[in-house]
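Notes follow the structure.
The values are calculated or read from the model by the stated rules, or taken from the named source; none is laboratory data. None of the values given here were measured: they were computed from a predicted structure. Using ideal geometry, Cβ is built from the backbone for each residue, glycine included, and neighbour counts are taken over all protein chains shown. Only protein heavy atoms, including side chains, enter the accessible area calculation; ligands, DNA and RNA are left aside. Shrake-Rupley method; radii C 1.70, N 1.55, O 1.52, S 1.80 Å.
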Amino acid sequence: MSKLITRIAPDVGWLPISFANVYFIGRPGGKWIVVDSGLPGRAREIMEAAEARFGAGSRPEAIVLTHGHTDHVGSALALAKGWDVSVYAHRLEMPYLTGKSPYPPADPTVGGAIAFLSRFFPTQSHDLSEHLHQLQPGQVPGAPDWKWIATPGHSPGHISLFRSSDRALLAGDALATMNMDSWSGLFTGRQRLARAGAPFTMDWEATRWSLQELANLRPNVIGCGHGIPMYDAELSERLEVFAQRFRAPRHGRYVQRPARTNENGVVDLPPAPFDPVPLATAASLVLVGIALGAGYLDDEKRR
Ligand SMILES: [Zn+2]
Ligand SMILES: [Zn+2]
């Protein structure tokens, strides 16, 4: 049976694909778009879920990427081909979506569960050139009542999507609605505002600035790349507090100075830190963790 898309606003759907979220904007019978595309190899799952919501043979107007990390872009090429549809991303993400440059390397020394696991995440390059387009200022293709906002920091061309009429926010990895830094947070998926993918964040000052921009929007609904979307009466106040208290980690490769990038990709990196964790120890711990947690993540995270 195909997975079902959960509605988080009347025309905003959420589909968790393992630990990464895909969103759908639009109503059945009308135009709709896909925001982010999940891990690699999950296109069929996403297409089946979309078909169940929007009808057989229905295809989106566009696939919009918040950024180009593998957990957001993994199935984009297969989806673009399958639906024959264009993929849109910010200009500064282009080098990582065309195979021109790798992202700044992940920083496993930044601390926390996801940083520990990042040692084992494959660095995969993606070439979406055939289907890829730059986002035009402000406009979200196929979703005219939404606008995109540059929220750099986690990645250079990271964007968030916002609709002012109901103050719905899709924030990608500008933040998360689960604690990815703790093992219990990762495995239970318990809702809370938290930083997203710390080992993959390449500019902490920009991340903090972007978070404040999002808090200023006073969103009613927040759907992030990771975690169960949140919508409650005090959400905007909590985001404001979270943004004000947000600090860079105590240590890490990109804490003192960010990775420098431009429209061609990586320009300059802080030196690689010493990583004291022996890989074999880490690998065995990860296998135990996966055995304990993987099934839970896939099946129990949904409400
Ligand atoms: Zn990311
Ligand atoms: Zn992510």
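Brief remarks follow.
- Scanning the stretch 227-243 for residues that are touching a residue at least 24 places away in the same chain (Cβ under 8 Å) and of a type outside the set (Val, Ile, Thr) yields GLY227, PRO229, MET230, TYR231, SER236, ARG238, LEU239, GLU240, PHE242, ALA243.
- Counted residues, the stretch 148-170 - those being touching a Pro at 6+ places or on another chain (Cβ under 8 Å) and under 15 Å from GLY225 (Cα atoms): 4
- Here GLY227 clears all of (1) surrounded by fewer than 20 Cβ atoms within 10 Å (Cβ to Cβ); (2) at positive phi; (3) under 18 Å from the mean Cα position of the chain (by Cα) except the condition numbered (1).
- Residue in the stretch 82-108 that is surrounded by the fewest Cβ atoms within 10 Å (Cβ to Cβ), counting only those that are assigned to a helix (DSSP H, G or I) and within 11 Å of ligand 1 (Cβ to nearest atom): TYR96
- Failed criterion for TYR103 (all others in (1) in contact (Cβ under 8 Å) with a residue 24 or more places away in the chain; (2) more than 16 Å from the chain's Cα centre (by Cα) hold): (2)
- Filter result for the condition that a residue is within 16 Å of ligand 2 (Cβ to nearest atom) and either of a type in the set (D, E, K, R) or open to solvent by 10 Å² or more (accessible area, probe 1.4 Å) (or both), over ARG167, ARG260, ARG253, ARG195: ARG195
- For the stretch 81-91, taking the residues that are within 18 Å of the chain's Cα centre (by Cα) and more than 16 Å from ligand 2 (Cβ to nearest atom), the one that is nearest to ASP127 (Cα to Cα) is identified as VAL87.
- For the stretch 186-197, the set of residues classified as of a type in the set (A, V, I, L, M), within 16 Å of ligand 1 (Cβ to nearest atom) and either more than 15 Å from ALA20 (Cα to Cα) or at pLDDT 95 or above (or both) consists of ALA194, ALA196, listed by residue number.
- Flag for GLY138 being free of Cβ contacts under 8 Å to residues at least 24 places away in the same chain and away from ligand 2 (no atom under 16 Å from the Cβ): yes
- Given (1) of a type in the set (Asp, Glu); (2) out of contact with any Gly (no Cβ under 7 Å at 6 or more places or on another chain); (3) within 16 Å of ligand 1 (Cβ to nearest atom), index of the condition ASP181 fails: (2)
- The residues of the stretch 31-81 that are more than 16 Å from ligand 1 (Cβ to nearest atom) and either among the β-branched types (Val, Ile, Thr) or in contact (Cβ under 8 Å) with a residue 60 or more places away in the chain (or both), listed by number, are LYS31, TRP32, ILE33, VAL34, ILE46, PRO60, GLU61, ALA62, ILE63.
- Failed item in (1) closer than 20 Å to GLY252 by Cβ; (2) within 13 Å of ligand 2 (Cβ to nearest atom), with THR177 passing the rest: (1)
- Take the conditions (1) of a type outside the set (Ser, Thr, Tyr); (2) within 16 Å of ligand 1 (Cβ to nearest atom); (3) out of contact with any Asp or Glu (no Cβ under 9 Å at 6 or more places or on another chain); (4) closer than 26 Å to LEU269 by Cβ; HIS251 misses just one of them, which is (2).
- Members of the stretch 39-74 found to be open to solvent by 10 Å² or more (accessible area, probe 1.4 Å), touching a strand residue (DSSP E or B) at 6+ places or on another chain (Cβ under 7 Å) and aliphatic (A, V, I, L, M), listed by number: LEU39
- Residues within the stretch 114-130 that are free of Cβ contacts under 8 Å to residues at least 60 places away in the same chain and open to solvent by less than 30 Å² (accessible area, probe 1.4 Å), tallied: 2
- Test: residue in the stretch 122-132 that is under 25 Å from GLU205 (Cα atoms) and touching a helix residue (DSSP H, G or I) at 6+ places or on another chain (Cβ under 7 Å): no
- Residue within the stretch 17-35 that is buried (at least 17 other Cβ atoms within 10 Å of the Cβ), modelled with pLDDT of 95 or more and not in a strand (DSSP E or B) present: no
- Those residues of the stretch 254-265 which are assigned to a loop (DSSP other than H, G, I, E, B) and away from ligand 1 (no atom under 16 Å from the Cβ), in sequence order: VAL255, GLN256, ARG257, GLU263, ASN264
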